[in-house]
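K.L.:
Sharing a structure, written as structure tokens. Questions coming.
The values are calculated or read from the model by the stated rules, or taken from the named source; none is laboratory data. All figures in this text were calculated on a predicted structure; none of them were measured in a lab. FYI the Cβ positions are ideal-geometry reconstructions off the backbone, even for glycines, and counts take in every protein chain you see.
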Amino acid sequence: MDGTCLELASKAVIPDPAEGEVERSLIRRAQRGERAAFDTLVRRYDQEVLRMALRIVQSPEEVQDLYQEVFLKVYRSLGRFRLEARFSTWLYRVVMNVCLDHLRRQKARHEMQMPEIEESQPDLLHKLPDDRPVLNPERALEAQEIGSRLQLAMARLSPRERLVFELKHCQGMKLRDIGEMCGTSEEAAKNSLFRALQKLRTDLQDLV
Amino acid sequence: MKCEDLEQLSSLYVYDELPPGERRDFEGHLAGCDACRRNLAHAQRLDRFLRQCPEPEVTPDLLARCRASLDDALDREQLGWRAMLRGWLWSFGPLPVTRAAAVLTLVVFGFGLGWTLRPRVDSLEPTTANRNASAFNAADLNNLRIRSITQVAPGPQSGGVRITLDAERRVTLEGSMDDPRIRRILVDTMKGYENPGIRRDTLDILRMRTHDPSVREALMYALHDGNVGVRLEALKTVQTMECGVDTHEGLIKVMESDPNAGIRTAAIDALVQHLEEEGTDETVLEALERLANHDQNPHVRMRSLAALRKLRGME
């Protein structure tokens, strides 16, 4: 995870101009209704979208519906996207809004429950890749426990706290931009982050 | 700076969110405060711990399911009214909101104007055949699906009414697979109809006629259908077909490029079965080697290796 989050942050800071032009060309073609271009655009980002949604929602079944909702929204509103803006930022805003709405609906239905600790944790760590250099059962079990503890801790965060944490910690966004994306102030985003970290620190103190 | 105010600043410091002046003040305070240094160290440990936690894994099956359902949703979207409006608006290029609103206002105004200036009935030239309602029996009327009604007006006879509408009529065709017209409808359905369930049912029927060149072509086309269930059924059918260059090439393509790892594995099994009956094919062996070395899915790599061992053992 260390490498992944840092890679994402560094990619966001130093974009490749040639790559940007390829993407703008895809967006223009998709805006003209070219389905193949839209499909290519989806495939560039969909795995990261799924990872983001899984971190926030933590359920593969729910994530499938959210995936469709995100990309249908993108498809319907792509005509309004201005090419001067960064597509990834715009896309992640859609992801965040969809996840936030979903979490709020869940909360309204009183479905925000503490997930039970299971021996296997399919949502976060259900499979170790076979090609890892060291397949150590003891380490696998430890990783499994960490995964389930983290899942529990994340479930205790409010929807807003979970989103702000995801955007700050995993996507490396600035708090000012997070506030704007969530329709709130930088100060409010800061407070949400701080509360999230406080809760995580309390729940995970014996592991840290 | 007071220590109780600095706990939050530690987290912001770790995330590099402190403005330069505040950062300098914070670092200056740290130099003389053990408690705040310990607090900062804890914040940094928490950050390192969270970054080492396992990432949620996006499995190939989850990704394939998501992509397949999005494909179907986009197919439906493209056939809907939104697509028509969007296509028309996007033909102007990306519009600023105000221009788009202006265009939409003109469209609404145009429709309103047209509605109030309906042409007189007797000046209309019907573009479709006029039918007396008595020509339709109850079953015909039940099977009539009205898409739009363009006019309702008094009819030419006293007490009569004329309704001009666009309609589809459900038709049931029955025939034999020997009839090339029936086969053509089925092949066209396989290639273009939007409902994946109907495409899958069509596959079941086409299975009976795999020696027909057009059917064979449709089945090879179905190997790349947008719906994973249709692709799997197509694969099972191709597996039973008489071997040819087209089947080997088609299966190799599926093996190498289908987004679903389960389908790629099934394609490997299908090719092995073909080669056990027909003899080895260097193109297939080379493709299996590439898969064994480079496929991102470990099960696919293992299956490819096992297939290679089996086929090389036959040589």
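K.L.:
Search region A:21-45 for residues that are within 19 Å of B:L63 (Cβ to Cβ) and pair each with any residue that is part of a helix (DSSP H, G or I) when their beta-carbon atoms are under 6 Å apart and the residues are at least 6 apart or on different chains.
P.N.:
A:F38/A:A30; A:T40/A:L26; A:L41/A:L26; A:L41/A:A30; A:V42/A:F71; A:Y45/A:L91
K.L.:
Mind listing whichever residues of region A:38-47 are under 20 Å from A:H169 (Cα atoms) and either more than 9 Å from chain B (Cβ to nearest Cβ) or of a type in the set (A, V, I, L, M) (or both)?
P.N.:
Correct list: A:Y45 only.
K.L.:
Another one. Out of region B:15-47, which residues are within 12 Å of another protein chain (Cβ to nearest Cβ) and surrounded by 12 or more Cβ atoms within 10 Å (Cβ to Cβ)? Quick ask: steps written out before the conclusion?
P.N.:
Looking only at region B:15-47, we keep the residues that are within 12 Å of another protein chain (Cβ to nearest Cβ), and these are B:15-19, B:39, B:41-47.
Listed by number, the residues that qualify are B:Y15, B:E17, B:L18, B:N39, B:H42, B:A43, B:Q44, B:R45, B:L46, B:D47.
K.L.:
For region B:19-26, does any single residue satisfy the condition of being closer than 29 Å to A:M52 by Cβ, in a helix (DSSP H, G or I), without any contact (Cβ under 8 Å) to a residue 60 or more places away in the chain and not assigned by TED's automatic domain parsing to the domain that holds B:T265? So that I can check it myself, show each step before the final result.
P.N.:
Narrowing region B:19-26 to residues closer than 29 Å to A:M52 by Cβ: B:19.
Filter again for in a helix (DSSP H, G or I), leaving none.
No, every residue in region B:19-26 fails to be closer than 29 Å to A:M52 by Cβ, in a helix (DSSP H, G or I), without any contact (Cβ under 8 Å) to a residue 60 or more places away in the chain and not assigned by TED's automatic domain parsing to the domain that holds B:T265.
K.L.:
Just to be sure, is B:R199 part of a helix (DSSP H, G or I), closer than 24 Å to B:A64 by Cβ and not polar (S, T, N, Q)?
P.N.:
Taking the combined requirement at face value, the residue satisfies it.
K.L.:
Residue by residue through region A:49-69, note down the ones that are acidic (D, E) and in contact with a helix residue (DSSP H, G or I) (Cβ under 9 Å, 6 or more places away or on another chain). Please lay out each step first, then the result.
P.N.:
Looking only at region A:49-69, we keep the residues that are acidic (D, E), and these are A:61-62, A:65, A:69.
Passing the criteria: A:E62, A:D65, A:E69.
K.L.:
Residues A:R55, A:R51: which one is in a helix (DSSP H, G or I) and in contact with a Lys or Arg (Cβ under 9 Å, 6 or more places away or on another chain)?
P.N.:
Numbers: A:R51 fails: in contact with a Lys or Arg (Cβ under 9 Å, 6 or more places away or on another chain).
From the options A:R55, A:R51, the qualifying one is A:R55.
K.L.:
Next question, about the same structure. Of these, B:L85, B:L70, B:L12, which one is under 49 Å from the mean Cα position of the chain (by Cα), at pLDDT 90 or above and within 12 Å of another protein chain (Cβ to nearest Cβ)? Let's see the steps before the verdict.
P.N.:
Numbers: B:L85 fails: at pLDDT 90 or above; B:L12 fails: at pLDDT 90 or above.
That would be B:L70, the only listed residue that is under 49 Å from the mean Cα position of the chain (by Cα), at pLDDT 90 or above and within 12 Å of another protein chain (Cβ to nearest Cβ).
K.L.:
Out of the residues in region A:145-174 meeting the condition of being outside any helix (DSSP H, G or I) and within 11 Å of chain B (Cβ to nearest Cβ), tell me which one is modelled with the highest pLDDT. Walk me through it before giving the result.
P.N.:
Of region A:145-174, the ones outside any helix (DSSP H, G or I) are A:156-158, A:171-174.
Retained after the next criterion (residues that are within 11 Å of chain B (Cβ to nearest Cβ)): A:172-174.
Working: A:G172: 83, A:M173: 84, A:K174: 88.
Taking the candidates together, the pick is A:K174.
K.L.:
Evaluate region A:185-207: report whether one residue or more is under 26 Å from B:R38 (Cα atoms), at the interface with chain B (Cβ under 9 Å from one of its Cβ atoms) and not in a helix (DSSP H, G or I).
P.N.:
Yes, some residue in region A:185-207 is under 26 Å from B:R38 (Cα atoms), at the interface with chain B (Cβ under 9 Å from one of its Cβ atoms) and not in a helix (DSSP H, G or I).
K.L.:
What pairs can you find where one residue is in region B:295-315 and touching a residue at least 60 places away in the same chain (Cβ under 8 Å), the other is buried (at least 19 other Cβ atoms within 10 Å of the Cβ) and among the β-branched types (V, I, T), and their Cβ atoms are less than 9 Å apart, with a gap of 6+ or different chains?
P.N.:
Within 9 Å, the pairs are B:N297/B:T265.
K.L.:
Let me ask something additional. Could you list, in sequence order, the residues of region A:176-208 that are crowded, with 17+ Cβ neighbours inside 10 Å, free of Cβ contacts under 8 Å to residues at least 24 places away in the same chain and farther than 22 Å from A:A153 by Cα?
P.N.:
Hit for region A:176-208 is A:G179, nothing else.
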